[in-house]
């Protein structure tokens, strides 16, 4: 690294950085070579035969020895036939004198005297120095570890929020669809961040927080990014769980650090995803809790109250469990706005599909209106996944464009799972065909149910077959008549089995589960029975602190018996309705079942063509 001194000349500074990893690797290699050298010496010693000095002198008389290397008291003998041997002499004796005393001319043998004192001294020196080097290196390693641990302890209090600057690829409101009401609310937040002056003139207060509440996959995170992209301000994103650590006080420290950073970069947006991880209601018991989560929540409350009107920092939080949040967090002055981000309606689904369809080649015959109506209950994430699955399916079949069949299969896969080619006997296929045909026939001939969209006896998920009856249009209310007819449709499979085969199977267990849930809700929650408009289920009570909590109603045994009787009455009536429809339309159910056995699946047009009637819409 070059720096300038006082005379303006460049000087170089060299830093000696000891890399502990490299140091330990070097020491390991040195020890490995040292032990390898010693092992080689031991190996040579074991291979070369050792002879007595008398034998060596005798062989020297016989002129068999070519050369002798003398290393202190050790003699390495080289024979003329390329063999070797070793021997040892007394420290005070001379090998050349020994040869002369035994009548051997030393000049006939090449004798080399090698000095091993230097190498021996080096080995002794290294043997004494090496433990010291290892000890010093070990202590350096410990000190570095202690320093790193200390640094990591201090870094616990730093926020782990990810910052998205305005230079990064941004998301705008044009990338979001199906949530028009939420977009209009958030556009005001964007306008405030862009033009705060016109609000200050009228004395308007800073919108400190916006809470996005809704099911998963409906676009809460995408909306927050769109606000940051439209406003062109820094965007700090963090999950609620990232505030939590094992150490006490770390969550609160991270909250302080996050808000301090946001204030320094104002105007900014802080986005806290899954805020229910830290924002759940605090204890209201006699002995209140003081756990780490509550301390983190308390710090968030303090920070949001501590905003000055000119700081222009907006907190956007998202959760799909808004009922669990603390009331202090939801009051005006903290989260001023609560925006519901729900499943899109039919027009919203059309707009979402249009966004995600960009860049994908579709056939001109694709009926987008039908796709939007067919995907009732799909979130934005479901629709994006459906189009992606359709593209994958078309690519797998080497198609150049995506057609209606690909979209239909993709929608079914997203809703029910992939097809399973299970081996079924002819009897199993026939039972499944009549079971699904029973659902379809009952639904078709009831006046207030929706049209049958598709019937299949191909296994998906845990079901051996399915009858798909999506709502023909989005509904905000459920009537008693529609609910009782839905129960009759669910009983259609069991009714068909009993009418056609005079036998019942286990295939209707899931139908019973859903029918019982609807019937019980009609009696206990909706007041749609002879017991009157009374809620017999759990309710929410309000404490003196304003906190709601669930309380189980005390229902007598006599009333529970009456509830069971009403539930059974509703289901029995639905079952009797299904049996009557099956008997009255026996030929139609036989025709539909036969077509299912032959083709394995029928769409709406094919089904209505078989029964020769079209379902009238309400």
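Here are the numbers:
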| read-out | value |
| --- | --- |
| Flag if residue 216 is at pLDDT 80 or above and crowded, with 20+ Cβ neighbours inside 10 Å | no |
| Number of the exception - residue 413 against (1) free of Cβ contacts under 8 Å to residues at least 12 places away in the same chain; (2) under 26 Å from the mean Cα position of the chain (by Cα) | (1) |
| Candidate set: the range 227-284, residues that are out of contact with any strand residue (DSSP E or B) (no Cβ under 9 Å at 6 or more places or on another chain) and buried (at least 23 other Cβ atoms within 10 Å of the Cβ); chosen: the one modelled with the highest pLDDT | 255 |
| Total residues in the range 497-520, condition farther than 20 Å from residue 588 by Cα and assigned to a helix (DSSP H, G or I) | 15 |
| Test: residue 169 is part of a loop (DSSP other than H, G, I, E, B) and either more than 22 Å from residue 259 (Cα to Cα) or modelled with pLDDT of 80 or more (or both) | yes |
| Residues being within 30 Å of the chain's Cα centre (by Cα), in contact (Cβ under 8 Å) with a residue 12 or more places away in the chain and in a helix (DSSP H, G or I) - total across the range 258-272 | 4 |
| Residue match in the range 502-509 (condition: in contact with a helix residue (DSSP H, G or I) (Cβ under 8 Å, 6 or more places away or on another chain), surrounded by fewer than 20 Cβ atoms within 10 Å (Cβ to Cβ) and touching a residue at least 12 places away in the same chain (Cβ under 8 Å)) | yes |
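Residues checked against (1) in contact with a strand residue (DSSP E or B) (Cβ under 9 Å, 6 or more places away or on another chain); (2) in a loop (DSSP other than H, G, I, E, B); (3) closer than 20 Å to residue 512 by Cβ; (4) not assigned by TED's automatic domain parsing to the domain that holds residue 516:
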residue	(1), (2), (3), (4)
409	yes, no, no, yes
432	yes, no, yes, no
437	yes, no, yes, no
441	no, no, yes, no
451	no, yes, no, no
467	yes, no, yes, no
476	no, yes, no, no
483	no, no, yes, no
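The values are calculated or read from the model by the stated rules, or taken from the named source; none is laboratory data. For clarity, every value in this text was computed on a predicted model and none was experimentally measured. Counting neighbours? That spans all protein chains shown, and the Cβs are built from the backbone with ideal geometry, glycine included.
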